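Undergrad: Dropping a structure here in structure tokens format, bear with me for questions.
The values are calculated or read from the model by the stated rules, or taken from the named source; none is laboratory data. Keep in mind that this is a model prediction, so the values were computed, not measured. Cβ atoms come from the backbone with ideal geometry, glycine included; neighbour counts cover every protein chain shown. With ligands, DNA and RNA removed, areas are computed over all heavy atoms of the protein, side chains included. Shrake-Rupley method; radii C 1.70, N 1.55, O 1.52, S 1.80 Å.
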Amino acid sequence: MTTAAAYSISAPDGGFEKTTIERRELGPHDVLIDVKYAGICHSDIHTARNEWRGTQYPCVPGHEIAGLVAAVGPEVTRHKVGDRVGVGCMVDSCGSCEACLAGEESYCTGGVTWTYNSAVSEEIQPGGVTLGGYSTQVVVTENFVLSIPEGIGLDVAAPLLCAGITLFSPLRHWNAGPGKRVAIIGMGGLGHIGVKIAAALGAEVTVLSHSLSKREDGLRLGAQHYYVTSDKQTFKDLRGTFDLIINTVSANLPMDDYMRLLRLDGSLVILGLPDKPLAVQPFTIAAQRRSLAGSMIGGIAQTQEMLNFCSEHGIGAEIEVISADGIDAAYERVLASDVRYRFVIDTATM
């Protein structure tokens, strides 16, 4: 076993503390990564504070990981020492179910191994639980390590490993592009990247936000239109407008109102996960053959496609880099929507 510096949390109401964790020795197909940057995702907060239940402590979150290859196992062929690489939400899957064989590992029915707080054998991770990217090193099997192109800085690339693919996957699946009207609900850590990607795909992009505070940013990042959803007139003016609406927020929205903004055969895709059931009238869906759908992250091949696309189009996350001792303060600022638009931990401060 090898050791790495990390920041962990030991209780739902606790704070992060510097610690030392063990990483497994390199297997034949493993890659040892020196983590340079780790993004802070809202999922990290949910898990650290046990809001989704099942958190095993001590917990080391982090699934937006960017760094350099430090060593490789003897049978590794995809990566070499010094390569710029990333790790997202998954570090393994069963590899044999229908979803995995189709390159959709995030929908694995045999059991995804998530980057942190996922049960594994003692041989995979001491303690039997995966520990994430709030650390100086991580060991991951080569098939789940992504190549980060030279055209993206490692710091702005880190959030793409979760936020980027979370938006890229539905935009690709629902064919966002020229001639398509796409609306992004929310201009936060997810939404701002969605605006960039949808615009780069050639779609006509609209931001739907609860206030005008981020209008200038939305237009700068590629949106052609920006509407305030606190104004009831918005829902009248935009009825029957969009081919695709992507909801990035976790608030309990009046979903029936948003569904009416879809045109014939339009789809509303849920990314944010509210704590109450969605309420939609059946006639609202049937009237224009509308669809209400959901999406998670994409598979490994699509994540690589996303990174290549973002490099080609100069897309990275809008970030604020912080030191590791600022994680607790960053969590509070995320909850207060006081970040534009993603915190990234500089692991050199560990």
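Undergrad: Bin width 20 Å, alpha-carbon pairs only: give the P(r) of the chain as whole percents, running from 0 to the bin holding the largest distance.
TA: 31, 57, 12, 0
Undergrad: Then there's this: Could you give each residue of the range 109-125 its phi-based ³J(HN,Hα) in whole Hz, using Karplus coefficients 6.51, -1.76, 1.60 with θ = phi - 60°, and x for Gly or Pro?
TA: Values per residue, Gly and Pro as x: 8, x, x, 6, 9, 7, 5, 9, 6, 10, 5, 9, 6, 4, 5, 6, 8 Hz.
Undergrad: How high is the FRET efficiency between SER211 and GLU312 when r is their beta carbon distance and R₀ equals 25 Å, given to the nearest 0.05?
TA: So, using R0 = 25 Å, E works out to roughly 0.15.
Undergrad: Would you grab the residues whose amide H sits under 5 Å from the one on MET90? Only those 5+ places off in sequence or on another chain, please, with H modelled 1.01 Å from N.
TA: Here the answer is THR115, since their amide H atoms fall under 5 Å of that of MET90.
Undergrad: Considering only protein heavy atoms, with the full assembly of protein chains and a 1.4 angstrom probe, order HIS225, HIS210, HIS192 by accessible area, largest first.
TA: Listed by decreasing accessible area, they come as HIS210, HIS225, HIS192.
Undergrad: How much accessible area per residue does the range 46-146 have, in Å², with a 1.4 Å probe?
TA: 42 Å²
Undergrad: Further, regarding this structure: Please report, in whole Å, how far the alpha carbons of the range 154-213 spread along each principal axis, starting with the longest.
TA: Here the Cα extents, ordered largest to smallest, are 33, 28, 14 Å.
Undergrad: Follow-up. Give me the lysines in straight-line cross-link reach of LYS236: C-alpha distance below 30 Å, same-chain residues under 8 apart excluded.
TA: Straight-line reach from LYS236, under 30 Å: LYS180, LYS196, LYS214, LYS276.
Undergrad: Give me the extension gain from LYS236 to THR109: residue separation times 0.36 nm, minus the current Cα-Cα distance, reported in nm with one decimal.
TA: Here the answer is 41.5 nm.
Undergrad: Follow-up. Do the sum for the chain: with -39,500 (n - 2.57) for every DSSP H run of n ≥ 4, divided by all residues, what is the mean residue ellipticity at 222 nm, to the nearest 500 deg cm²/dmol?
TA: On the way: 11 runs with 81 residues, N = 350.
The helix-only estimate for the chain comes to -6000 deg cm²/dmol at 222 nm.
Undergrad: Go through the range 293-301 residue by residue and turn each phi into a ³J(HN,Hα) via Karplus (6.51, -1.76, 1.60, θ = phi - 60°); whole Hz please, and just put x for glycine and proline.
TA: Here the 3J(HN,Hα) series is 9, x, 8, 10, 6, x, x, 5, 4 Hz.
Undergrad: Okay, next question. Non-local amide H neighbours of TYR226 (under 5 Å, H modeled in plane, Pro and chain starts lacking H): which ones?
TA: Sorted by chain and number, the residues that satisfy this are VAL207.
Undergrad: Let me ask you something else. How many nm is it between the label spots at ARG263 and TYR57, if each spot is 7 Å from the Cα in line with the beta carbon?
TA: 5.2 nm
Undergrad: Calculate the length of the line joining the C-alpha centroid of the range 298-337 to that of the range 136-159, in whole Å.
TA: Comparing the Cα centres of the range 298-337 and the range 136-159, I get a distance of 12 Å.
Undergrad: Can I ask one more? Please check: in the Gaussian network model of the chain (C-alpha springs, under 10 Å), which one of GLN224, GLN304, GLN137 has the largest mean-square fluctuation.
TA: The residue that fluctuates most here is GLN224.
Undergrad: Another question about this same structure. Taking the 0 to 90 degree range and rounding to the nearest ten, how far is the long axis of helix 191-200 tilted relative to the main principal axis of the chain, both from C-alpha atoms?
TA: The two axes meet at around 80 degrees.
Undergrad: Set Lys and Arg Cβ to +1 and Asp and Glu Cβ to -1, take the dipole of the range 46-153 about its Cα centre, and tell me which of THR55, VAL85, THR109 lies farthest positive.
TA: THR55
Undergrad: Another question, if that's okay. Just to make sure I understand: if all protein chains stay in place, what is the order of HIS173, HIS29 by accessible area at 1.4 Å, largest first?
TA: Ranking HIS173, HIS29 by accessible area, largest first, yields HIS173, HIS29.
Undergrad: Moving on. For the range 264-350, what number results from the quotient of the Cα radius of gyration and 2.2 N^0.38 Å?
TA: 1.56
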